[in-house]
Structures are given as C-alpha cells and as structure tokens.
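Single-structure report; data block below.
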Amino acid sequence: MLPALRRAYQRLKRTVRPTMDTRFLQHVSGVVHVGANTGQERAVYDSFRIPVLWIEPIPEVFAALQRNLAGYADQQAIQALVADVDGQEVEFHVASNDGASSSMLAPARHGELWPSVTFDRTLRLRTQTLPSLVKQHGVDIRRYDALVMDTQGSELRVLKGAEPLLSQFRFVKTEAADFESYVGCCRLDELEAYLRTQGFEEYSRVRFRNQEPGKAYYEVVYRRRGAG
C-alpha cells in the first residue's frame, strides 16, 4: 500500500465505526451533514476530497465543531436546528454523551439501548428548514449532492422541510430506529416509504446497535433511482 493511501486508511479506521459504509462517498461531489455534533466524520470526508456543509444546533457543541474544522478548508459549519417548518420554538433535549444523542424529541425507549445516556437539560431553540437556511447563508446547494442526517428521530421532519431541494441529492444517508427510541420519532419503515415517493431506493443498510428483534438502530444509505 502506498504511503498516502496507508495514511488515509488509518484516518478512516480511527474515525469511522467498524460498521459505517463509506462506499457511497466515492460517487459524491459534496455533503450536507445535518446533526453534525463535533464533526467526527471530518477526516473521512476529507479523505474523499469533498466539500461539506455541517449543521449543528447546540451552541457549545457548535463551538467544538468549529474548532475541529480548523484546517479543513472546504468544510464549513452553520448553527441551526433543521426541521420541517421555520420559526417553531421547541424544547431541545441535550444528551449527556457530549450532545451526540440530543434531539428535539423527548427520549422514550432510547435508554434501553444506551442506559448510560441521560437527558439532564433542555434548550429553547427555533427550527429552520433547509431551504431557508441555504437561502439565508447564501449556500450554493449545487456543490452538494448528498444529504447525511443524524438528528435522533426527527429525520423525516428534516426531509419534509427540505423537499424543494431533494431533487438536488443523489444520495441520502440516515440513522434510524425500528422502535420508538424518542417520543413520536420516525421509524425506519416510515423513512423508507417517504424516500421511495421522492425517487430513492436503498443502497446499503447496516445494523449497528440492537438487543432483540424490533429494537435496533440502522445506518441506511439511499440512492436516487437511475443515479448509477
């Protein structure tokens, strides 16, 4: 293995959990990542030399994200809570695992898979749709043809709010549960049904956390039909 490839491979091993499927990134020109947390995948994206727009709502986590993106010239971050409507004030539940499991939805059975994670405080935040965020910040959405979501149960709200832009994306990657991890959260079958109506089909699926049938988390990549 050539030295440059070896270094890239080592970065991927350090950054990506063993189950994460990155194959779709070789077909991607840019990523909008909603639910950024601290940008754990930044080295992965950089290894594919693609621009990234990160979106994260929690102020202190967003500050850490900005620090982590220093040195990544083609990765930028915006602080916002993306959902299906503009201007709705919601109670945002902040998780104890450095904000990684935080959600605009109250936790339900989340603790059955992650018993060590607690939700000890809330923030009052206002929602924004992806189209209005793009317009407000002058983002050239044509640079990005993949949408990645990790918003802890509100992914379907993100998608419905972004519907005017969905034709721009060739790939959609999301985490999803097949049970009520958060109160009123979307489930895997609901996400799949909606994305089919928008012209997407499943490209890959990885189960990365489960205890029993009907209580699992998945990471799923969808590809626009005919995208190659």
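The values are calculated or read from the model by the stated rules, or taken from the named source; none is laboratory data. Here the structure is a predicted model, which means the values were calculated and not measured. Virtual Cβ from ideal backbone geometry, glycine too; neighbours counted across all protein chains shown. We work out accessible area using only protein heavy atoms, side chains counted, and drop any ligands, DNA or RNA first. Shrake-Rupley method; radii C 1.70, N 1.55, O 1.52, S 1.80 Å.
Mean residue ellipticity at 222 nm from the helices of the chain, using -39,500 (n - 2.57) per DSSP H segment of n ≥ 4 over the full residue count, to the nearest 500 deg cm²/dmol? Value at 222 nm, helices only: -7000 deg cm²/dmol. Could you tell me what percent of the accessible area of the chain is made up of carbon and sulfur, with a 1.4 Å probe and every protein chain present? So the carbon and sulfur contribution to the accessible surface is 46 percent. Straight-line cross-link reach from residue 215 at under 19 Å between alpha-carbon atoms covers these aspartates and glutamates, not counting any fewer than eight positions away in the same chain: 112, 150, 155, 175, 178, 180, 189, 190, 192.
Within the assembled protein chains, the solvent-accessible surface assigned to residue 182 is about 0 Å², based on a 1.4 Å probe. Once C-alpha pairs closer than 8 Å and six or more residues apart are averaged by separation and normalised to the residue number of segment 158-228, the relative contact order reads 37 percent.
Working from Cα pairs under 8 Å separated by at least six residues, relative contact order for the chain is 18 percent. Among 84-97, 147-160, 48-61, sorting by the average number of other beta carbon atoms lying within 10 angstrom of each residue, highest first, gives 147-160, 48-61, 84-97. Of the beta bridges in the chain, as assigned by DSSP with both residues counted there, near 55 percent are antiparallel.
Computed from the C-beta positions of residue 76 and residue 100, the FRET efficiency with R₀ = 25 Å rounds to 0.75.
Peptide packing: for 169-178, 184-193, the average count of neighbouring Cβ atoms within 10 Å per residue gives the ranking 169-178, 184-193, highest mean first.
Only Lys, Arg, Asp and Glu carry charge here, each on its Cβ (+1 for the first two, -1 for the last two); on that basis the chain has a dipole of about 920 debye about its Cα centre.
Report the residues of segment 25-43 in range of a label on residue 136: point 7 Å along Cα→C-beta, backbone N strictly under 19 Å from it. Once the point is set 7 Å along Cα→Cβ of residue 136, 32-37 turn out to lie under 19 Å by backbone N, inside segment 25-43.
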